[in-house]
Amino acid sequence: MSALGRSEFAVGAARCDITPPLGTVFLGVNPRHQSFTGVETPLELRVAVFKSGPNTVVCISADLIGLGCTSPETGQSLGHRIRNAVSHRLDVPVASVLVSATHAHSTPETSGITTITDSATLTWASTVPGLAADTAAAAFSDCSPAHLVNRKSMVPGIARIRRMRVGNLPSFAPDESLSMVIAHRGGRKKPIVLMNFACHPVLLQARPVVSSDFPGYAVASLDRIGIFGLFIQGAAGDVNPLSDEWGNVEQVQSDADLLSFAVADAVNSTATSTEVVSGGPVAAVQIELPLAKRSMVRSTSQGASEDSFERPDDDFDGLGQRLGNAHEQLRIPLQFIRIGAAGLVAIPGEPVTALGALIKAMSPAPLTLIGGCCNDYYGYLVPPWDWIDGGYEVGYGPWSLVAGESTLTIVTAAVAGLNKLWAAPISAGVQ
């Protein structure tokens, strides 16, 4: 046993700037590749390190649209490269490193749904793993004893379900819960908060201006009042902002304020809490989950999609390129993390609200966080009963790789993974 007791934690945090140079490519509508000509807000990569006994978990949040773009030299995804770099620097298992993209659409094209050949973008992306490793090392050095408290607040007024059902069938309401793991540290050290909320950051997309959108605005607001926030995108595959006014910076700030106010209230109300986090190792496991690919037959169903843009033919060609051999299964990394009484499922894609709700309902954890756009990118994850509605999320393009029935396999595996962590002996931990 280390100097930390079984129910004690050490937590540290650090951040770095990952703003790309002008001329870097972003994901437009048509044409898909367009270049940035200005910067509205910088992009950041934030790291929080959680230690308990011999175990360490590293949580990374980056102002990126995704983590699926591959290196021309190695063929490895950006998420894979970041995790390997951090694992090597800190000498921790890759399974203990989480990297989450905020999914802000006003950032360089790192999702992987298109092939990047632009040298400026590739060069910039190649620097991110090293920056992540340096920042993780700084967060590790910043670790100090901490008291963990979990909180969940409802934050209405930001999100709505964007998919409309054929035949006026009932639909899930958006998950308006903000789930938080709060680390209070002694002295003058900032509290550190993992904040998990589900909503597409799209109001500032399709403009040639770099922006971190509402997740970046929210953590910047928290910085100003002495709180270190780390945003983890939720099950937001079918969730958009209530406002549909693209380019409305004031609305983005308003949405961010709702989140930052809720975090600040939770931090202030628990600052003197003596609440004991029950049964609490820090632990992580990862599995490679085989999943069936979607059909290569192009559907003619339009459903009731809000997506009315004319898509370039490259989108449809790209699906075949990403699926490859249709008879082979996809193998996706599915990660499960335990931080005290909080469980986190890290999913390498965009699960819709229903899938997140199912996992939360069956989870053994007192508080469950659903991380979307984590570690890699395999597109939208939509359950089979929603495919009849058509729409962009299940459309024939490189953002839709996984068959509907396979998404239920993800739910089953996620609950089993969390159960494994909750069944593990506290003294041993799980890596």
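The values are calculated or read from the model by the stated rules, or taken from the named source; none is laboratory data. Computed from a prediction, not measured in an experiment: that's the story for all the values here. Note that we place each Cβ from the backbone using ideal geometry, even for glycine, and neighbour counts take in every protein chain shown.
Taking the stated definitions as given, is SER144 closer than 20 Å to ILE232 by Cβ, among the small types (Gly, Ala, Ser) and touching a residue at least 40 places away in the same chain (Cβ under 8 Å)? Judged against the criteria, SER144 is not a match. Among the residues of the stretch 91-110, those identified as crowded, with 24+ Cβ neighbours inside 10 Å and more than 12 Å from the chain's Cα centre (by Cα) are SER96, VAL97, SER106, THR107, PRO108, GLU109, THR110. Among the conditions (1) in contact (Cβ under 8 Å) with a residue 24 or more places away in the chain; (2) not in a loop (DSSP other than H, G, I, E, B), THR123 misses just one, which is (1).
Just to be sure I understand, how many residues within the stretch 199-253 are outside any loop (DSSP other than H, G, I, E, B), in contact (Cβ under 8 Å) with a residue 60 or more places away in the chain and of a type in the set (A, V, I, L, M)? Qualifying residue count for the region: 8. For the structure I just gave you, tell me whether VAL193 is at pLDDT 95 or above, under 17 Å from the mean Cα position of the chain (by Cα), crowded, with 23+ Cβ neighbours inside 10 Å and not aromatic (Phe, Trp, Tyr). In short, yes. Condition (residue is in a loop (DSSP other than H, G, I, E, B), at pLDDT below 90 and small (Gly, Ala, Ser)) applied to the stretch 396-404: is it met by at least one residue? Yes, some residue in the stretch 396-404 is in a loop (DSSP other than H, G, I, E, B), at pLDDT below 90 and small (Gly, Ala, Ser). Summed over the stretch 228-268, residues that are touching a strand residue (DSSP E or B) at 6+ places or on another chain (Cβ under 8 Å) and surrounded by fewer than 17 Cβ atoms within 10 Å (Cβ to Cβ) total 2. Taking every residue in the stretch 403-431 that is closer than 29 Å to ALA292 by Cβ and crowded, with 18+ Cβ neighbours inside 10 Å and pairing it with any residue that is modelled with pLDDT of 95 or more and of a type in the set (Phe, Trp, Tyr), at least 6 positions away or on another chain, the pairs with Cβ-Cβ distances below 6 Å are GLY417/PHE336; LEU418/PHE336; LEU421/PHE336. Quick test of your reading of the structure: ASP238 fulfils all but one of (1) over 20 Å from ASP175 (Cα atoms); (2) in contact with an Asp or Glu (Cβ under 8 Å, 6 or more places away or on another chain). Name the failing condition by number. Only one criterion in (1) over 20 Å from ASP175 (Cα atoms); (2) in contact with an Asp or Glu (Cβ under 8 Å, 6 or more places away or on another chain) is unmet by ASP238, namely (1).
For the stretch 83-141, the set of residues classified as among the acidic types (Asp, Glu) and at pLDDT below 95 consists of ASP118 only. For VAL149, the stated conditions do not hold, so it cannot be described as outside any loop (DSSP other than H, G, I, E, B) and either of a type in the set (Asp, Glu) or in contact with a Leu (Cβ under 9 Å, 6 or more places away or on another chain) (or both). Of the residues that sit in the stretch 89-113 and are in contact with a Phe, Trp or Tyr (Cβ under 7 Å, 6 or more places away or on another chain) and not hydroxyl-bearing (Ser, Thr, Tyr), which one is farthest from THR70 (Cα to Cα)? Step by step, filter the stretch 89-113, then rank; the result is LEU90.
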